[in-house]
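Heads up, the thing below is written out as structure tokens.
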Amino acid sequence: MPMHMTWKKIMTGALAFSIAAGSGTMALTSSPAVVSAEQQRATKFQDVEGGHWAEKHIAKLALQGIITGYKMDDETFTFEPAKSVSQQEAVLMAIRFAGLYDYVDRSTQVVFGDSFKVGEFYIPIIELAFREGLLDKKEEFELAAADPDVEWGKKPASREWVTKLIVKAIGEEEAARELMEEPSSFHDAADIDDRYLGFVNAAVEMGLVTGKTPTRFDPVAPVNRASLATLFSRAQGQYPVAFENQHEGVVTSYTEDAITIYHDGEEMTFGMDENTNYFHYASDSPVDLDSILEYGDIMIIEEDGVARYVEVQGDVQHIETIEGTFERYNADDQQFYIWQGNELVKINNHEGVIIEDTEGMPLTIEDLRSDAKLSIVQDNFRAQPVALKIITEAPPETTTVEGQLISADTRLITIQIDGKPMAYYMTPNAAIQIEGLSGAMVEDLVKEQDRLQLTLNMEEKVVGVKVLNRQVQTLAGVEIEGYNEDRNYITIYDYTNNKSQLLTLTDKTRFDYLGTKLDTKSAMAMMEQNKNVIIRYTDGNVVSIQFVMNYTGTVYEIDTKNKQITIRLQEGELVKVPYMSENAVSTIVRPLASHLDLRIGDTVTLNMRMDKVEATLIQLHEQLQYEIVSIDSVKKTIKVKNASVKSDDLKVDKAELLHADGSKALLKDLKVGSWITVDFVGTNPVKIQANTNNSNG
């Protein structure tokens, strides 16, 4: 079987094409936003102006490498769209269209004979066409001998001859044989050579060609270059061809500068700029950026990672809507849980999920109420669909009341309003707000001290509690100097503000030692082992004490004279700590780094001494891209390289491994030759994610 038959995906359809110049029209099933003909030209060819009727197809085939045009002395290119196509040029296009050009063998000497003449460049191309069955050698030799006044290669390709060539190129010769004896509907059918009749019938039946008019095929009329380009371009809609720089998928997001598509489990992102041209399957004219359909099918031809040709491939969004009642959101596995009847259904979250109420007001996950009715739009093109948009019923009307806290638990809260105690039931998800304290709980409220604002739903149950008269402050980079057990207070020294302070412990004070909850006595005993703490307090009373081994934040100030570094934590607090040495800096790209290599705004992690508030190591956070050279699954190492690193071994046993879409991966999922993005803390890889394509970016 000829090799060109193996890649064909045979389909039939109603796409009709008239190979007469300028007659490339088709019925629109949608209304893409066509741009003005005064736009920039979509091709590199100087004689194909913006708005040319075949511009779309010429642009596509040029980027696919099927057509190249003519190079001029000034290094520009022309296409000569109205010029008749020679038979040898048509065969060259067919060979490229069929993906066979790499099989052209120019080392073999081929002699066709005096009566069959083609250009020297085209000799091995025509030989390959004979070998692959795109041309019949005996038939073409006879045609050449019957018309000795015109060289076979330079002879203008006729409509009937081109029709046979394209039908053979798409592997439908058998269909043509079956239709050889069928009468043609064209009034000039008698003018169609018997050897071409079956091919014309097959091409018409498959919707590849129509007549010059509804009744005339005009079989011997020559085909011009623009028309043949359009024929091969349109044929791809029915008989797809794979090109290295061509990608198809579903649009997951796009802006003026970039577009991301999803295909076969991976997302790929391509740049877009002023030289990107947009088209729609239902129009031959260029369209604007807004014609791109999010979550719809798209085809992109790129150059060096930048999309040059973008074509909308359909009018269907690959999404579906499901209804249910909200149960909860689990941040650990990033899944929503909803009830559909008696079944608890899991919905995967997407980092870009849009949440709003039925009035269009934007919300957050925290705003979703238990038992609220949800309408969730999720994709249906990923192996594991994710939520793209969540619409929840508008929250019920609420009222607020204010008063002094008398008592509170997770079931009931009592406040004093105008001298009278008023008790209200708490809803299960009632939000507690204390400024400066994230994740506040009912236990953090202080009776007889806090003045509260309660938000009540229509059933007069509490859905929100806000403390009005106090806020929680945070101290980081401080040392507990002493603890008075009898009076239950601690003395701390604040290195950031260079002052001592006395704070009182209460029966509500929480203690955390590296993730372990402690009581007061055990926590105070740990002071001798670990001096580094983060303290949250309000009105002189300690809310929580958290023992830490390091601080992570962005560099705010560096005092190289006194060897002190100030960083801003993620929560916003400033922490000033001394560091041991000017060389106590760890970075993956500079082995001998010092404090002079740090810049304001850098993200760093400070490794602290346990017995003293002092940084032993400043680890710089960096992100680099590498190509995988080899993988050692036993030693849990990856050998990598990039433009600046010839070879390096990464120990990945403690790193988080992710697929390109952000889902968890295993070491065996990474592939040699693929590119990865590695997040470092100092010299330690902490996260490794597969890139969306096999490039550095």
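The values are calculated or read from the model by the stated rules, or taken from the named source; none is laboratory data. Bear in mind the structure is a predicted one, so any value in this text is a computation, not a measurement. Using ideal geometry, Cβ is built from the backbone for each residue, glycine included, and neighbour counts are taken over all protein chains shown. To get the accessible areas, we keep the full protein, side chains included, count just its heavy atoms, and leave off ligands, DNA and RNA. Shrake-Rupley method; radii C 1.70, N 1.55, O 1.52, S 1.80 Å.
Restricting attention to the range 294-343, which residues are within 23 Å of Arg382 (Cα to Cα), free of Cβ contacts under 8 Å to residues at least 40 places away in the same chain and small (Gly, Ala, Ser)?
Scanning the range 294-343 gives Gly314, Ala331.
Any residue in the range 236-251 that is open to solvent by less than 10 Å² (accessible area, probe 1.4 Å) and out of contact with any strand residue (DSSP E or B) (no Cβ under 9 Å at 6 or more places or on another chain)?
Within the range 236-251, one or more residues are open to solvent by less than 10 Å² (accessible area, probe 1.4 Å) and out of contact with any strand residue (DSSP E or B) (no Cβ under 9 Å at 6 or more places or on another chain).
Of the conditions (1) more than 24 Å from Asp191 (Cβ to Cβ); (2) more than 43 Å from the chain's Cα centre (by Cα); (3) surrounded by fewer than 17 Cβ atoms within 10 Å (Cβ to Cβ); (4) not hydrophobic (A, V, I, L, M, F, W, C), Glu142 fails just one. Which one is it?
With respect to (1) more than 24 Å from Asp191 (Cβ to Cβ); (2) more than 43 Å from the chain's Cα centre (by Cα); (3) surrounded by fewer than 17 Cβ atoms within 10 Å (Cβ to Cβ); (4) not hydrophobic (A, V, I, L, M, F, W, C), Glu142 is out only on (1).
May I ask you to list the residues in the range 643-674 that are basic (Lys, Arg) and touching a residue at least 12 places away in the same chain (Cβ under 8 Å)?
Result: Lys651, Lys654, Lys668, Lys671.
Given the options Met272, Met268, name the one that is open to solvent by less than 40 Å² (accessible area, probe 1.4 Å), farther than 24 Å from Lys44 by Cβ and among the hydrophobic types (A, V, I, L, M, F, W, C).
Numbers: Met272 fails: farther than 24 Å from Lys44 by Cβ.
After applying the criteria, what remains is Met268.
Restricting attention to strands (runs of 3 or more DSSP E) lying wholly within the range 515-619, give those where 1 or more residues are out of contact with any Pro (no Cβ under 8 Å at 6 or more places or on another chain) and buried (at least 19 other Cβ atoms within 10 Å of the Cβ).
On the way: elements: 516-518, 533-538, 541-547, 550-559, 564-569, 574-578, 603-608.
Because the criterion is at least 1 residues that are out of contact with any Pro (no Cβ under 8 Å at 6 or more places or on another chain) and buried (at least 19 other Cβ atoms within 10 Å of the Cβ), the strands (runs of 3 or more DSSP E) in the range 515-619 that meet it are 533-538, 541-547, 550-559, 564-569, 574-578, 603-608.
Could you check the range 174-205 and list, in sequence order, the residues that are touching a helix residue (DSSP H, G or I) at 6+ places or on another chain (Cβ under 7 Å) and crowded, with 16+ Cβ neighbours inside 10 Å?
Ala175, Ala176, Leu179, Ser184, Ile192, Tyr196, Gly198, Phe199, Val200, Ala202, Ala203
With under 22 Å from the mean Cα position of the chain (by Cα), within 22 Å of Ala660 (Cα to Cα) and open to solvent by 70 Å² or more (accessible area, probe 1.4 Å) as the only criterion, which of Glu303, Glu320 stands out? Before the answer, list the steps.
Working: Glu320 fails: within 22 Å of Ala660 (Cα to Cα).
The unique qualifying residue is Glu303.
Any residue in the range 44-60 that's more than 15 Å from Thr230 (Cβ to Cβ): show its pairings with residues that are modelled with pLDDT of 90 or more and among the hydroxyl-bearing types (Ser, Thr, Tyr) at Cβ separation under 7 Å, as long as the two are six or more apart or on different chains.
Gln46/Thr76; Gln46/Thr78; Asp47/Thr78
Can you find even one residue in the range 423-432 that is within 35 Å of the chain's Cα centre (by Cα) and closer than 28 Å to Asn349 by Cβ?
Within the range 423-432, one or more residues are within 35 Å of the chain's Cα centre (by Cα) and closer than 28 Å to Asn349 by Cβ.
Within the range 315-337, count every residue that is assigned to a strand (DSSP E or B) and of a type in the set (D, E, K, R). Quick ask: steps written out before the conclusion?
Pass one, the range 315-337, residues assigned to a strand (DSSP E or B): 319-330, 335-337.
Then keep just the ones that are of a type in the set (D, E, K, R); that gives 320, 323, 327-328.
Residues meeting the conditions: 4.
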